[in-house]
């Protein structure tokens, strides 16, 4: 089902599609973060990625709860945007030889992921409120706050040390 397919007829359909999109995205992140952890040389960056991997697993559990609260099967739909972001990250990881430059590239790739998730969770929260799905707002807000916090931490690491070392 594509974003603008005939299967999306109502706002409820659109909400469910977006929920499936972010569910898929989170699962892809869990699959790809271990490689980013392995490739990172900065101990702080490795630790940040490891922490976010655990957070992402918890975010998936919260999304499972959201699907259950809606009486829907927890399942994803292909997300071309997340696939593209992650494909680009893989490409960069294979092209950059200098370890410090690679760390800067990893931060940039991770922030692209975070920014995508932030937009998706923000939209889902707004739509859930509009649709009266107040029972699913809290777990979505928890996920959003974790994504925002991760983005802030990545910016801090980049500005305080990683970008400086790479320059």
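Summary table
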| read-out | value |
| --- | --- |
| Estimated FRET transfer efficiency (residue 134, residue 9; beta-carbon r; R0 25 Å; 0.05) | 0.60 |
| Exposure proxy order (Cβ contacts within 10 Å, fewest to most) of 145, 114 | 145, 114 |
| Cα-projected label distance for residue 95 with residue 38, points at 7 Å along beta-carbon direction, nm | 2.1 |
| Packing-based order for 27-34, 102-109, using average beta carbon neighbours within 10 Å, highest first | 102-109, 27-34 |
| Degrees separating the helix 137-157 axis from the principal Cα axis of the chain, which is the longest one | 10 |
| Where labels lie 7 Å past Cα in the beta-carbon direction, separation of residue 30 and residue 80 in nm | 2.6 |
| Percentage relative contact order, the chain, counting C-alpha pairs under 8 Å, at least six apart | 27 |
| Listed values (1) 1.16; (2) 1.09; (3) 1.00, entry calculated as Cα Rg over 2.2 N^0.38 Å | (2) |
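Readers should treat all values here as calculations from the given coordinates under stated rules, not as data from a laboratory. Being a predicted model, the structure only gives us computed values, none of them experimental. Every residue, glycine as well, gets a Cβ built from its backbone with ideal geometry; the counts of neighbours run over all protein chains shown.
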